[in-house]
Every structure is written in structure tokens, then in C-alpha cells.
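Notes for the one structure printed next.
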Amino acid sequence: MRRLFAGLAVGALLVAASACGSSGGSGSSGKSPTSANPTTVKVGIIPILDVAPLYLGEEKGFFKRNGLKLSLTPAQGGAAIVPGVVSGQFQFGFSNVTSLMVAQTNGVPVKAVANGVASTGEPGADFGGLTVKKGSAIKSAKDLAGKTVAVNTLKNINDTAVREAVRKAGGDSSKVKFVELAFDQMPAALAKGQIDAAMAVEPALTTIKSQGGTEIAWPFVDVAEGLTIAMYFTSTQYAQANPAVAKAFQKAVAESLAYANTHPDEVRKVLTTYTKIPANLLSELTLPHWPAEANRPAIEVLEKLGEQDGLFKKTPDLDKLLP
């Protein structure tokens with residue numbers, strides 16, 4: 001992915017992003033979009049529990065009230081969504097914070113506009129966990145030396161978090177073998193013994209546990225308390241050319257996050273509209289936190305771990321990246 005970012009011609013991307021504005025409404029004019037003539041914005045998302053507030057917000061009319069209509073497109077991870085946003089394929093995207101920092105340090109013009117999702121900060125009760133199959137001899141993160149661990153994107157937030165879990169357990173993180181696998185493919189791969197462990201988030205996490213799998217660590221918790229995992233972002237070019245749309249999107253997302261935090265049953269229900277989670281497992285899901293603001297101190301810890309693991313060409317500029 002670093003090679004991909006490095007290969008992107010930033011100048012060409014800026015032209016493309018400028019040319020590919022949102023449709024309908026008056027987004028590119030600088031005027032605020034209206035509910036009578038909503039602006040359609042394309043959003044690249046990962047089909048996991050984290051983005052449930054976006055589906056709820058669309059369902060409850062929060063985006064329409066702010067003059068927007070969402071067109072959601074699923075992708076495997078934030079690292080795949082970043083190029084789509086910067087090229088103008090999407091006006092906004094959902095990405096973990098590490099992907100955004102990697103993009104920025106490679107000269108890719110991205111800007112976070114709204115908070116996304118955060119860890120609960122509770123070992124044993126987080127929405128992301130390091131899992132092994134039923135009967136595995138692996139009992140802790142320390143035992144992963146020489147083992148194969150699946151993450152959704154290589155050289156990104158999940159392998160950084162797993163490495164930290166291994167270090168805190170007293171193991172050698174340099175001996176862990178990482179492979180890339182989509183979250184929804186992890187339960188089957190783990191059950192078949194194709195991988196030794198998986199860094200899974202909901203609903204894949206609950207699916208694995210329903211098969212007898214167990215959690216051996218909670219890597220997001222090991223990184224920092226209340227870690228901000230992901231945020232919604234756009235390109236700096238789009239934000240500058242369409243400030244009214246960006247502000248409307250930011251406001252609608254904030255309303256959606258607040259609603260999701262106080263309506264867990266509706267979160268579980270809407271999840272069935274875009275994932276394959278069986279209805280009988282909905283009550284077992286561990287919901288994340290959807291705070292209004294990003295946790296900057298926790299992001300700074302993640303930044304330092306990413307630098308330690310060699311993910312960044314230079315130190316990310318969080319003042320420019322964060323809202």
C-alpha cells in the first residue's frame with residue numbers, strides 16, 4: 001500500500017478530485033445543501049459494525065435534514081478507500097487513523113472531517129479481539145511467535161495493535177507472520193486451520209466465538225484507553241472546494257453517532273441490512289463506542305507505535321490531519 005500511495009500522482013489526483021464533485025444539490029457552489037434538493041455524496045465504507053451509525057443516520061433522515069443523500073460503497077479496508085476518495089471516486093470515506101497517517105506522510109492530501117468509532121477500552125468487552133479457534137494451543141499473544149495472524153490490511157492499524165499486544169504479553173512481535181484477509185472471511189479461515197489467529201472486529205468476532213473460538217487479547221485496548229480507531233475523511237481539495245457539503249456531512253455524522261450510542265437495539269437491527277450476521281447472534285455483539293470527538297492523546301500513542309513499526313516516512317502532522 002505504501003508503494004501504491006507513493007505511485008499516486010498527487011497533482012493528477014487533485015485535478016480528478018476537483019472534477020468529480022458530488023451530484024445534485026449545490027455542493028460545489030459553496031451554498032449549503034438543502035433537504036428539498038439534497039446533494040448525493042458517495043462514501044467508501046467497510047461493511048462492519050463500525051459504520052452502523054451511517055446506515056442509521058440515513059434511515060432516520062439525519063443526512064436528508066442536512067441536505068445530503070448517501071451512496072455507500074463497501075471496500076475491504078480504509079487503505080483501499082483512501083485512493084478512492086483522493087481520486088474523486090468517493091467524496092467521503094471511512095478509514096482507520098493509521099491509514100490516514102500513512103496517506104498523509106506519503107503526500108496524499110487527506111483531511112479527517114468527523115469522528116468514526118472508538119474502542120470500548122475494556123479487556124474482554126471490546127468490539128475487536130485477537131482470536132484463535134476452538135481447542136487451539138495458543139493461549140496468549142505471547143504464543144504467536146512463528147504463527148500466522150490474519151489482519152484485514154497489512155502494515156496498518158491492526159498489525160500495529162497486535163504487535164503491541166504481543167509485546168505487552170512478553171512475546172517477540174517481530175516473529176509474528178501476518179496475512180491479509182477480509183474480516184468476513186476470517187471465521188471460516190480460522191475454523192479450517194488456514195490461519196492460527198485472527199484480529200477480528202464485529203460482527204466477525206461474534207461469528208468466531210459462536211464457532212467455539214476464543215479471544216486471547218484485546219489489541220486496541222493494549223494500544224491506548226479509548227483508542228479512536230477510525231474517522232470519516234475527505235480530500236483536502238474537496239473540503240476546500242465544497243465547505244458547505246463537508247460541514248453538512250460532519251453535522252449529520254455527529255447526529256448519527258449520538259443516536260447510535262443511545263439506541264443499541266437499532267444498531268443491531270440495521271447491521272442485518274448490510275452484513276451476513278445471523279439474527280440469532282445479534283444480541284451477542286459487543287458494540288463499540290461512537291464518541292463525538294476523536295481521542296487525540298490515544299491517536300498520538302498509535303502514531304508512535306506506527307513509527308516504531310516503520311509505517312511512516314516521516315512524523316504525521318496531526319494538526320493538519322484531524323478536524
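Computed from the coordinates by the stated procedures, all read-outs in this text should not be read as laboratory data. The structure presented is a predicted model; accordingly, all values stated were derived computationally and were not measured. Virtual Cβ from ideal backbone geometry, glycine too; neighbours counted across all protein chains shown.
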* Among 262, 34, 131, residue whose mean-square fluctuation peaks in a GNM of the chain (springs only between Cα atoms under 10 Å) -> 262
* Sort largest first and round to whole Å: the equivalent ellipsoid semi-axes of the chain, each the square root of five times a Cα gyration tensor eigenvalue. => 33, 23, 16
* Relative to the present Cα-Cα distance, how much length would full extension add between residue 258 and residue 211 at 0.36 nm per residue of separation? -> 13.7 nm
* Asked: Summing +1 for each Lys or Arg and -1 for each Asp or Glu, what net charge is found among the other residues whose Cβ lies under 15 Å from the Cβ of residue 36?
  -> +4
* To do: Give the shape of the range 123-202 as rounded, prolate or oblate, defined through the alpha-carbon gyration tensor: a ≥ b ≥ c are the square roots of its eigenvalues, a/c under 1.5 means rounded, and otherwise the shape is prolate if a/b is larger than b/c and oblate if not.
  => rounded
* To do: Once you have a ≥ b ≥ c as the square roots of the Cα gyration tensor eigenvalues for the range 145-259, tell me rounded if a/c is under 1.5, and otherwise prolate or oblate according to whether a/b is larger than b/c.
  => prolate
* Where in the range 173-264 are there trypsin sites (Lys or Arg not before Pro) that are in a DSSP coil and have at most 11 other Cβ atoms within 10 angstrom of their Cβ? -> 192
* To do: Identify all lysines with a Cα-Cα distance to residue 320 below 28 Å; exclude those on the same chain that are fewer than 8 residues away in sequence.
  => 31, 42, 69, 111, 155, 247, 251, 304
* Structure fact -> At the level of C-alpha centres, the distance separating the range 56-123 and the range 197-226, in angstrom, is 22 Å
* Asked: What residues qualify as long-range amide H neighbours of residue 218, i.e. H under 5 Å apart, gap of 5 or more or another chain, H built at 1.01 Å from N?
  -> 130
* Asked: For residue 70, what is the net charge nearby, where nearby means another residue's Cβ is under 15 Å from its Cβ and Lys, Arg count +1, Asp, Glu -1?
  -> +3
* Could you please report the charge total around residue 158, scoring K, R as +1 and D, E as -1 over all other residues with beta-carbon less than 11 angstrom from its beta-carbon? => -1
* Asked: Under 17 Å from the 7 Å Cα→Cβ point of residue 194, by amide nitrogen: which residues of the range 136-180?
  -> 148-154, 178-180
* Asked: Once you sort the root eigenvalues of the Cα gyration tensor of the range 190-323 as a ≥ b ≥ c, which label holds: rounded (a/c under 1.5), prolate (a/b larger than b/c) or oblate (the other case)?
  -> oblate
